Amino acid sequence: MPERTSFPAGAVRLVEPFGAGGGPDLLARELAPWLSSIWHQPVVVENVPGDGSTAAPALVAESPADGHTVLINTSAQAYIGAVSPDLPYEPLDDFSPVAPLTQQAYVFVTGRDSGIGTLHDLVSAAAARGTDLTFGSTGAGTGSHLGAALLHLEAGVTAVHVPPAPGDSIVEVVAAVARGDTDHVLSPIAIVEPYLDAGTLVALAVSTARRSAWLPDVPTVAEQGIEGFDFPIWYGAWVRAGTSVDIVQALGTDFSDAMASSELQGWCTRHGVEPMRIATADFGQFVLDEARRAAAIMQRAGEQTRPVTR
């Protein structure tokens, strides 16, 4: 493992793909001062939204393989490669997994004026409207896309996917649902909380097997009749492939120590999230398994996928 005097040798960038206020941004900004205090180097959070959440990974894939540029991403890092055939990078092969970070529930939401107040209403609306029903996402192959697709499969719902426009962040996607431009979306809770508080969005269900401490009154998908449904959003850290094993291991240890700190544990409790219960050494296999899960969902949905061969 490298000495603290040799790594990091300068400022470290934490690059995230969903924009200010999104889950990876909030977590990265909580991690940054803790990491800076042990590295004795500046740690800067860089928001790079756009291109369906692929702009940030593309930037990291082109960065030097020296551990000074770290991608903080959601489960989209594992999912998108099985869905999008024309990415400017390989989501598995061009990155080295560093550490698992947190997991939490998504929430399915719809607009106040949609006439949809429960998942049963959503199923009824789909039956009545057919292909007129639409759902937004943070981009093809992201967790918000895959989780909604899985719900639709299990509930027998047909809906048209409306991916974000180039440059749009999750904030714009959620705003479109609040306006009624799109019928529903699966979103991280932090993004939709202000809309729920204002009454412009309605929470239909959380995506995990257990209710969220953040939205304790919102039932799970399973409670509403779709047994076994469990689709959390999870976050992790990656660096460019080719980064030395010593640096990857050092980063993994430091991120793991950060997540175990009282400061980060308290932050997780306040934000209704929990650290991932996966050993750092097992994170790479977990990412691969999640990539295969994404391909299986898309194949069931009849959408184009490409095989996960790694």
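The values are calculated or read from the model by the stated rules, or taken from the named source; none is laboratory data. A quick note: this is a predicted structure, and the numbers were derived from the prediction, not measured. We place every Cβ from the backbone using ideal geometry, glycine too, and count neighbours over all the protein chains shown. Protein only, heavy atoms only, side chains kept; ligands, DNA and RNA dropped before computing areas. Shrake-Rupley method; radii C 1.70, N 1.55, O 1.52, S 1.80 Å.
Would you call residue 87 open to solvent by 30 Å² or more (accessible area, probe 1.4 Å) and not β-branched (Val, Ile, Thr)? Yes. When residue 250 is tested against (1) of a type in the set (A, V, I, L, M); (2) within 21 Å of the chain's Cα centre (by Cα); (3) crowded, with 20+ Cβ neighbours inside 10 Å, only condition (2) is not met.
Just to be sure before I move on: is residue 20 within 20 Å of the chain's Cα centre (by Cα), farther than 21 Å from residue 246 by Cα and not in a helix (DSSP H, G or I) in the structure I sent? Steps first, answer last, please.
On the way: within 20 Å of the chain's Cα centre (by Cα): yes; farther than 21 Å from residue 246 by Cα: yes; not in a helix (DSSP H, G or I): yes.
So residue 20 passes the test.
Note on segment 116-233: enclosed strands (runs of 3 or more DSSP E) holding 2 or more residues that are touching a residue at least 40 places away in the same chain (Cβ under 8 Å) and β-branched (Val, Ile, Thr) are 201-206.
Go through segment 138-164 and give me each residue that's closer than 21 Å to residue 220 by Cα and among the hydroxyl-bearing types (Ser, Thr, Tyr). Spell out the reasoning first.
At the first step, the residues of segment 138-164 found to be closer than 21 Å to residue 220 by Cα are 142-159.
Correct list: 142, 144, 158.
Looking across segment 130-151, the residues that are open to solvent by 10 Å² or more (accessible area, probe 1.4 Å) and closer than 15 Å to residue 110 by Cβ come down to 132, 134.
The single condition among (1) closer than 24 Å to residue 226 by Cα; (2) modelled with pLDDT of 90 or more; (3) open to solvent by 20 Å² or more (accessible area, probe 1.4 Å) that residue 180 does not satisfy is (1).
Each residue in segment 92-116 was checked for being open to solvent by 10 Å² or more (accessible area, probe 1.4 Å) and of a type outside the set (A, V, I, L, M), and 11 of them qualify. When segment 250-303 is filtered for residues that are among the hydrophobic types (A, V, I, L, M, F, W, C), assigned to a loop (DSSP other than H, G, I, E, B) and more than 19 Å from residue 104 (Cβ to Cβ), only 279 remains.
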